[in-house]
Each structure stands twice: as structure tokens, then as C-alpha cells.
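To keep things clear, I will list the structure first and then write my remarks on it.
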Amino acid sequence: MAPWFDGAWPSYVPVAERRKQAAREVEKLRKKGHPVAPVILEGRTIARTFWGKAWCDNLENYQDFDNRLPRGRTYVRNGAVIDLQISALEIKAMVSGSSIYRVSVSITALAPALWRSICADCAGGIDSLIELLQGRFSKGVMERICRQDRGLFPKPSDIWFSCTCPDGALMCKHVAAVLYGVGARLDERPELLFRLRAVDEKDMVADLETALPISSQPLDTRKALEVDDLSALFGLDMDGGDGANAAPGAAPAAPEPVARAGQKRTSTKAAGRKAVVRSGPAPAAPKANRHTALPVGQIRQRGKANKAHHSAEPITRTRPPDDHLIQ
């Protein structure tokens, strides 16, 4: 306890002055390299998530704390908890009041037998670690975790606290503000509750590790595929069309099919003209010598170098009304 001020309580300090005093103290701590973590609330609600609400409800369910908790709620809502550090089995905090007070809270470790009992009773009711930390599980699991005396949260006999303020009460308003601040902090980091009780939250979902399909073993680079040709890997023809990537020994590409008799073709030197070819399946590639002379009826037009007569039939002549092949 801190010494009394001339045998009386310290003079009242307005909230605005307390906030200025707290800001100066926080700045000093930051300059010293201390990781300051104040409790900042949005509105009047202290806790919004499952873990934060469950922590605050657990405190309020014990009559030992009834007379001091209301003042603690006021302090934490006014931003009086300027620093809150949660570690294994211990809570350290600084609270701004008439002065800056230091609060220390010790929590006993959860008994191993009790922790195994909680994990066994909740087995199968939690699908993943994410759902556990978000508090998304069945009502039965929730009731088992929050059970008084046999649950995860500490009971009054598991908590020891001290404050540097001159208040001689068992629980002063500064300690109550810190305990409510823990509930607000669990909204942001629910895993801190398991750290505070010296247990591992992964134990509650330990049975799920055998069902994970993804292995955590590193990749063996010696077993990696050493294939340079993607066509050999996927069984696809990766030739770009120019024959440069064709596999050795492959059959040559089939020559361009020749127009049938009675179909119209234009010379390669005639600009602007189209070759009129009947629709139908392409003929098979010729097996005979490519230099064999073509039938006279297949060529309708020849170049000037061959001195051949043009067909008397005009190029623009429309196709016959029937769809049979002209012999």
C-alpha cells in the first residue's frame, strides 16, 4: 500500500486532468522502450466477443467482488487503464487515478487433471482452432468451459492482487478496472486467456491434427521431376506449327489437298480473286508421286508461263442448284 496523504484520502482529481496525467506517463514509458498497451474502449461496452463476455460474467458471478466491480467499470470506460500486460499466471497494469498506481494480479495455473477433463468433455465439439478462438462452438461446449469451479476461468481463490493505492479494501477500484480490462483485451487476443492459465489451446483440437490432408514435411528436391519437354510430360503436341519442335521420326505433314474436278481455282498470281472450292470433307493425302500430272479438268486456270487457254466458263458463274458433284 502507498502511504496515506497526511492521514486522509488524496484530493479528488477531475477526469480531464487524469487523462493528461496518464498521457504524460505513457509518453515517459514509451521513451524508455516499454511496450505500452492501454485499454481503449469504443463506446460504453467493455466486451463484445464470447471470451471477453465470459471473462466479465465470471467475475460478476462471484459475490466476493460485488462491492468493487461497479467502480472498476467506470474507471476502465474512462480510459484509466493506461497499460495492461498479460503473461503466464500474471497481469501487470498501470491505472490512472489521483496518481498513477501499479496493479499486480497473480493467477494460479489450471490443474493438469482439470485441463484434461475440459479437453475430453469438449472433444468433437470444436472443429478448428480458429473456431475455438472466435468462440464459435456448441452451447454444451460453452457451458463446459464457463462452468464455475470446474471451468477454464479462475475463481476468487485463484486470484491474488495488489495495488499501490492507499485503499485498504480487499479489491480496490483500480484492481477491478484491471480485471475488466482483461475482458476487453480478450476481445482482441483471446489466446491470452490460455497463456494466463498456463495451458495450450491447441490441446482442445489435438484430435484434428491426424485429419489434416496437407503434410508439413519439406519437399524432397531429389524427387522433383526433371522433364524439359512439356509435351512428353502431358502427352500433348507442343509444336508451334513450323515443324521446329516436332519429335524426331514423326511422319511428315500431309500436303495441302487439291481441288476436285469441276471446282474453280485461281492462279496464285491473280490478285484480288478467290478460289471457289466446294464444301465437303478434305480428300486424303495422295500416295503417288507429287510430280504426276494432274487431270486436265482439275485445273481451270493456269499462268501465262504455261501458255494454256483459259476455260470458257466464267469465274463468277454460280454453283449448280443441286448439291451433287459435277462429273
> What ranking, highest mean first, results for peptides 65-77, 20-32 when packing means the other Cβ atoms within 10 Å averaged over each residue?
Replying inline: 65-77, 20-32
> Local charge sum around ILE107 (other residues, Cβ-Cβ under 9 Å, Lys/Arg +1, Asp/Glu -1)?
Replying inline: -1
> Among ALA169, ALA184, ILE145, whose Cα lies farthest out toward the positive end of the dipole of the stretch 140-189, if unit charges sit on the beta carbon of Lys, Arg (+1) and Asp, Glu (-1)?
Replying inline: ILE145
> For the pair ILE40 and ASP66, what calculated FRET efficiency results from E = 1/(1 + (r/R0)^6), where r is the Cβ-Cβ distance and R0 = 30 Å, to the nearest 0.05?
Replying inline: 0.70
> Put a dot 7 Å past each Cα toward the Cβ at LYS28 and SER11; how far apart are the dots in nm?
Replying inline: 2.0 nm
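By accessible area of protein heavy atoms, probe 1.4 Å, what ranking do ARG189, ARG44 get, highest first?
Working: ARG189 100, ARG44 145 Å².
Largest accessible area first, the list is ARG44, ARG189.
Efficiency by 1/(1 + (r/R0)^6): what FRET value for SER98 and GLN134, r their Cβ-Cβ distance, R0 = 45 Å, to the nearest 0.05?
Numbers: r = 40 Å, r/R0 = 0.88.
That pair, SER98 with GLN134, gives E of 0.70.
Tell me the carbon and sulfur percent of the accessible area for the stretch 53-119, rounded to whole percent, probe radius 1.4 Å. Present the calculation step by step, with values, prior to reporting the outcome.
Details: 1230 of 2780 Å².
Ligands and nucleic acids excluded, carbon and sulfur reach 44 percent.
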>> Quick check: pseudo-label points 7 Å beyond the Cα along Cα→Cβ at LEU170 and ARG48, how many nm apart are they?
In response: 3.5 nm
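The values are calculated or read from the model by the stated rules, or taken from the named source; none is laboratory data. Predicted model, so just to flag it, every value in this text is computed and none were measured. Glycine gets a Cβ as well: all are built from the backbone with ideal geometry, and neighbour counts include every protein chain shown. Surface accessibility is based on the protein's heavy atoms, side chains included, excluding ligands, DNA and RNA. Shrake-Rupley method; radii C 1.70, N 1.55, O 1.52, S 1.80 Å.
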